[in-house]
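The block underneath contains the structure these notes are about, expressed in structure tokens.
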Amino acid sequence: MGMAKYLGKRFIQSIIAVFGITIIVFIVLNIAGDPVKLMLPDTASYQEIEEMRQKMGYNDPLIVQYLRFLGNALRGDFGTSYKYNEPALQIVLERIPATVTLAVSSMMIALVIGIPAGMISAVKRNSITDTVIRSLALLGQCVPAFWLGIMMMLLFAVKLKWLPTSGFDTWSSLLMPSLTLGVFTAATITRMLRSSMIEILGKEYIDVAKAKGLGRYVIIIKHAFKNALSSVMTVIGLQFSSLLGGAVITETVFAWPGIGRLLVQSIENSDFMVVEIIVIFMAFAIVIINFIVDILYCLINPRIKLQ
Amino acid sequence: MWKSLKESKTGLVGVIVVLLVVFAALTANIIAPYDPTKQDVMNKLMNPVFAGGNFNHILGTDQLGRDVLSRVIYGSRITILVAFFGTILAGVIGTLLGAIAGYYGKWVDAVIMRIVDIQLSFPFVLLALFVAAVLGRSLKNVIIVAAISSWVQYARLVRGEILSVKEMEYIEAIRSVGSKNSRIIIRHIIPNIISPAIVQATLGMARIILMEASLSYLGLGVPLEIPTWGRMLSDGKDFMLSNPWLAILPGIAITITVLGVNLMGDWLRDYLDPKLNV
């Protein structure tokens, strides 16, 4: 299959996924509860509720409601937040930059830690360095992010007073949340890169390169790492999904003003319009990132088998 | 199996940790020194014995004077219940859907695989939050969330295996002599997937334990009055100045348990499926 055809197919699949997500979100939220009751005071009579239902279109068949929801969504109208009494989309958009900042800086940290650690671990296989890196990577996948965050707060903010405990005022306040969120991804990248590098270093063409008298670092960087890169790309694509999920918890721990914390607050407040947008936005972001990863994947390694 | 376990030190450690946690969960009402919900405001916020406390409350007490050791022991119950039943439910759903997709192929397969795609583009925490928010706080709902967030791996595994078995000539041969589908599934497909499924289940449990802890931390797990490690942590966070151990200890419990399960899973993978090990 040609690259264009493959990417075309993936594009269609992504669109289907996005539609599927909106359907699921819509159905779940409609089971969730009666938005009309939330909008009216507790004292509202049955008749008032019914009138409101009729007026808002909640008595129409589900499919009609869904199409209307989709139509409104395409025009950027996601309804009004009950809690803030403002357009729900506006509230979410204001919080997006903070989450993007956090996600990107966490991914940076993960790459800066994970790539060298994975390479060193693979090259110095079975040495003490390797054992230490592997143990730390395993630990990094076992520690709950929120606990790590609290422990860092305890150490750096409460005991040593080096960093602010929470909020997003200065760049130093970005450090602890990004580390908290990045550790799991760093550990995953390390483990993945180690195992694919070891596999590649055992291949025949590496022996050929050695026989040609190429330097050790040339072989490691140009031959082994370049080929291991595609597996790292896959991990990065998949990790963005857990990164956005993890952001929900990390933002709550550090009172970070992003959409993750907003999501938890909106769930507590039953502010379902806001919940709806955040869930759709996150799913959307992940579908797009995975599609971009697919494109990069093809560019890095054109000979890759496309299924 | 025993021999392999003795040779793998990390595997042995993992199995011992898991057995200890299961033991604590099963016997919590016997081994816990106090009722985990009993408040004693006269003795609140006591430090653990190794940090200046006393032996009446080995791990200290929380802001309501409840015994931390007893709460950690009882907390293991929710962890184990959710990990165990969540994994079983995920395995059942995943196996069924994967088998249907692989067996019937065509549009049935396409639909199920699209659901898998959608599932994979949902961060599981997000999914868990969403479902928990909609269904409310209860043990049953946490188990459902755990299952929904992990059935995909089993579905892919079973589907892949069925697709590869379907192509094999001997299956044609068996079918031509009149063997039933159910017999083919039981005799030829299940034995092939049982090892990777066990490995998958163990490593999946580690993920579920972390997920349950996150949900409890956010207050969206089981009802708030039931002691869980995640909940203890989020309560303890507010008392970091007076008794930091309230936040430290439950985290250690979670980390050690997850580590134990992962080590056990790694050993099982090496033992059951040597070709998977890179």
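Criterion applied to B:94, B:86, B:102 was being at pLDDT below 90, over 25 Å from residue B:245 (Cβ atoms), out of contact with any strand residue (DSSP E or B) (no Cβ under 8 Å at 6 or more places or on another chain) and buried (at least 23 other Cβ atoms within 10 Å of the Cβ), and the one residue passing it is B:102. Residues that are out of contact with any His (no Cβ under 6 Å at 6 or more places or on another chain), within 25 Å of residue B:79 (Cβ to Cβ) and not in a helix (DSSP H, G or I): does segment B:9-20 have at least one? Looking for residues that are out of contact with any His (no Cβ under 6 Å at 6 or more places or on another chain), within 25 Å of residue B:79 (Cβ to Cβ) and not in a helix (DSSP H, G or I), one finds none in segment B:9-20, hence no. Entry remark, segment B:237-257: residues being more than 10 Å from chain A (Cβ to nearest Cβ) and hydroxyl-bearing (Ser, Thr, Tyr) number 1 in total.
In segment B:62-75, the condition of being under 15 Å from the mean Cα position of the chain (by Cα) and assigned to a helix (DSSP H, G or I) is met by at least one residue. If you check residue A:70 against the conditions, is it more than 14 Å from chain B (Cβ to nearest Cβ), under 28 Å from residue B:132 (Cβ atoms) and at pLDDT 75 or above? Spelling it out, residue A:70 is indeed more than 14 Å from chain B (Cβ to nearest Cβ), under 28 Å from residue B:132 (Cβ atoms) and at pLDDT 75 or above. With respect to being crowded, with 19+ Cβ neighbours inside 10 Å and either aliphatic (A, V, I, L, M) or farther than 20 Å from residue B:119 by Cβ (or both), residue A:276 falls outside the description.
Within segment A:250-265, track down each residue that is in a helix (DSSP H, G or I) and surrounded by fewer than 24 Cβ atoms within 10 Å (Cβ to Cβ). Within segment A:250-265, A:252, A:261, A:264, A:265 meet the criteria. Collect the residues in segment A:266-293 that are small (Gly, Ala, Ser), more than 7 Å from every other protein chain (Cβ to nearest Cβ) and part of a helix (DSSP H, G or I), keeping them in residue-number order. Across segment A:266-293, the qualifying residues are A:266, A:285. Only one of the listed residues (A:172, A:195) is away from chain B (no Cβ under 14 Å) and among the polar types (S, T, N, Q). That residue is A:172. Scanning segment A:135-152 for residues that are touching a residue at least 24 places away in the same chain (Cβ under 8 Å) and more than 19 Å from residue B:207 (Cα to Cα) returns A:150, A:152. Here residue A:157 passes the criteria (1) within 11 Å of another protein chain (Cβ to nearest Cβ); (2) under 26 Å from residue B:257 (Cβ atoms); (3) in contact with a Ser or Thr (Cβ under 8 Å, 6 or more places away or on another chain) except the one numbered (2).
Right, residue A:244: farther than 29 Å from residue A:172 by Cβ and within 14 Å of chain B (Cβ to nearest Cβ) or not? Judged against the criteria, residue A:244 is not a match. Quick check: is even one residue across segment A:83-92 under 30 Å from residue A:189 (Cβ atoms), of a type in the set (Val, Ile, Thr) and touching a residue at least 60 places away in the same chain (Cβ under 8 Å)? Yes. Only one of these conditions is not met by residue A:182: (1) within 14 Å of chain B (Cβ to nearest Cβ); (2) crowded, with 19+ Cβ neighbours inside 10 Å. Which number is it? Here residue A:182 clears every test but (1). Based on what the data block shows, is residue A:35 of a type outside the set (Phe, Trp, Tyr) and at pLDDT 75 or above? Considered against the rule, which asks whether it is of a type outside the set (Phe, Trp, Tyr) and at pLDDT 75 or above, residue A:35 comes out as no. Residue B:79 falls short on exactly one of the conditions (1) within 14 Å of another protein chain (Cβ to nearest Cβ); (2) closer than 30 Å to residue B:34 by Cα; (3) touching a Ser or Thr at 6+ places or on another chain (Cβ under 6 Å), and that condition is (3).
Scanning segment B:27-40 for residues that are under 24 Å from the mean Cα position of the chain (by Cα) and in contact (Cβ under 8 Å) with a residue 12 or more places away in the chain, which turns out nearest to residue B:71 (Cα to Cα)? Among those residues, the one meeting the criterion is B:36. If a residue must be under 16 Å from residue B:231 (Cα atoms) and surrounded by 23 or more Cβ atoms within 10 Å (Cβ to Cβ), how many such residues does segment B:37-61 contain? The qualifying residues number 1.
Apart from one condition, residue A:258 fits all of (1) away from every other protein chain (no Cβ under 12 Å); (2) over 17 Å from residue A:279 (Cα atoms); the exception is (2). Being in contact (Cβ under 8 Å) with a residue 60 or more places away in the chain, more than 26 Å from the chain's Cα centre (by Cα) and closer than 30 Å to residue B:165 by Cα is a property that residue B:86 lacks. Kindly establish whether residue A:146 is within 12 Å of another protein chain (Cβ to nearest Cβ), closer than 20 Å to residue B:243 by Cβ and either part of a helix (DSSP H, G or I) or under 25 Å from the mean Cα position of the chain (by Cα) (or both). Yes, satisfied. Out of B:204, B:230, B:221, one residue alone is buried (at least 20 other Cβ atoms within 10 Å of the Cβ) and facing another protein chain (nearest Cβ under 9 Å). It is B:230. Hey, could you check segment B:118-143 for residues that are in contact (Cβ under 8 Å) with a residue 60 or more places away in the chain and more than 9 Å from chain A (Cβ to nearest Cβ) and say which is farthest from the chain's Cα centre (by Cα)? The selected residue is B:137.
For residue A:104, the conditions (1) over 17 Å from the mean Cα position of the chain (by Cα); (2) at pLDDT 85 or above all hold with the exception of (1). Against the test of being crowded, with 17+ Cβ neighbours inside 10 Å and more than 8 Å from chain A (Cβ to nearest Cβ), the options B:178, B:260 yield a single qualifying residue, B:260.
The values are calculated or read from the model by the stated rules, or taken from the named source; none is laboratory data. Since the structure is predicted, the reported quantities are computational estimates derived from the model, not experimental observations. For neighbour counting, all protein chains shown are included, and Cβ atoms are generated from backbone atoms with ideal geometry for every residue, glycine included.
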